[in-house]
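I have placed the structure first, in the form of structure tokens, so that the comments after it can refer back to it.
The values are calculated or read from the model by the stated rules, or taken from the named source; none is laboratory data. Quick caveat, the model's predicted, so the values are computed rather than measured. Backbone-built Cβ (ideal geometry, glycine too); neighbour counts: all protein chains shown. Just so you know, the surface numbers come from the protein's heavy atoms only, side chains and all, with ligands and any DNA or RNA stripped out. Shrake-Rupley method; radii C 1.70, N 1.55, O 1.52, S 1.80 Å.
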Amino acid sequence: MARYTGEHKDETRERILKAAAKEFRSRGYENATIPGIMEVAGLTVGGFYKHFDSKASLFIEAFREAFAKSSERSNQLRQVLQGRDYLMAFADNYLTLAHRHNLRGGCVMAALASEMPRADAEARAAYEDLLSPTFDRLADAFGGDREKAVAFQSLLVGGMTLARGMESDGAAEEILRGCRVTAQGLIDD
């Protein structure tokens with residue numbers, strides 16, 4: 001019987017997390033299945049429980065992982081741009097048709113925010129814990145104004161969520177354009 005190294009186990013866990021993040025984003029919590037996630041990861045279902053206790057625990061960890069990746073990209077942008085320039089670039093990059101079409105790799109908040117009311121208390125608490133540093137990071141760019149930061153992030157996520165629900169790119173772009181204009185108004189206020 002082959003013994004796997006700790007490194008192999010970590011790599012396998014990472015594959016499952018990446019696959020789960022994609023599947024939860026594109027299918028939602030209820031429609032994403034363990035067999036489907038494991039198939040995307042290129043693994044058998046039997047190995048799932050060596051890494052996770054349940055679908056719910058995988059959901060929380062996949063959400064955290066996806067959120068960390070998103071925060072990393074945002075932090076890279078913050079290293080180049082500050083204040084107004086950072087906020088405008090953030091909004092302009094976020095509110096695009098390309099992002100609208102990228103369900104599997106786009107913003108985890110826009111993909112899963114509507115899932116959270118049906119999630120368990122642990123998942124909702126994790127969601128809340130992850131949002132707070134995002135608001136803090138944006139508040140820094142808004143000169144310490146957390147209320148504006150919350151409004152800005154809510155505008156972007158809400159706009160993307162609505163745009164993703166539209167059948168046509170034209171209707172989606174109308175929403176995204178309106179959100180870009182409103183974001184600029186928040187930034188310049």
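Straight-distance candidates among the aspartates and glutamates for linking to K69, with alpha-carbon spacing under 15 Å and chain neighbours fewer than 8 residues away dropped: E14, E61. Relative to the longest principal axis of the Cα atoms of the chain, the long axis of helix 83-94 makes an angle of roughly 60 degrees.
Close amide H partners of G105, meaning residues 5 or more places away or on another chain with modelled amide H under 5 Å apart, do not exist here.
Answer rounded, prolate or oblate for segment 26-80, using the Cα gyration tensor with square roots of eigenvalues a ≥ b ≥ c: rounded when a/c is under 1.5, else prolate when a/b is larger than b/c, else oblate. Prolate, since a/c reaches 1.5 and a/b exceeds b/c. Dipole magnitude for the chain: about 460 debye, using +1 per Lys or Arg Cβ and -1 per Asp or Glu Cβ, origin at the Cα centre.
Using θ = phi - 60° in the Karplus curve 6.51 cos²θ - 1.76 cosθ + 1.60, the 3J(HN,Hα) couplings for segment 37-49 round to 5, 5, 5, 4, 6, x, 10, 8, 4, x, x, 4, 6 Hz; x is entered for Gly and Pro.
The angle between the Cα long axis of helix 6-31 and the longest principal axis of the Cα atoms of the chain comes to about 60 degrees, rounded to the nearest 10.
Computed from label points 7 Å out along Cα-Cβ, the spacing between M166 and R27 is 2.9 nm.
Calculate, in whole percent, how much of the Cα-Cα pair population of the chain lies beyond 31 Å. Pairs farther apart than 31 Å: 23 percent. If the chain linking H101 and E39 were pulled fully straight, counting 0.36 nm for each residue of separation and taking away their Cα-Cα distance, it would gain 20.1 nm.
Charge tally around T161: other residues with Cβ under 13 Å, Lys/Arg +1 each, Asp/Glu -1 each, net +2. Using a 1.4 Å probe over the heavy atoms of the protein chains, calculate the carbon and sulfur portion of the accessible area of segment 27-168 as a whole percent. Using a 1.4 Å probe with all protein chains present, segment 27-168 comes out at 51 percent carbon and sulfur. In degrees, nearest 10, range 0 to 90: what is the angle between the Cα axis of helix 146-164 and the longest Cα principal axis of the chain? Around 70 degrees separate the two axes. Among residues other than D10 with Cβ under 14 Å from its Cβ, the summed charge is 0 (Lys and Arg +1, Asp and Glu -1). Of interest is the spacing of the C-alpha centroids, which for segment 132-189 and segment 14-53 amounts to 30 Å.
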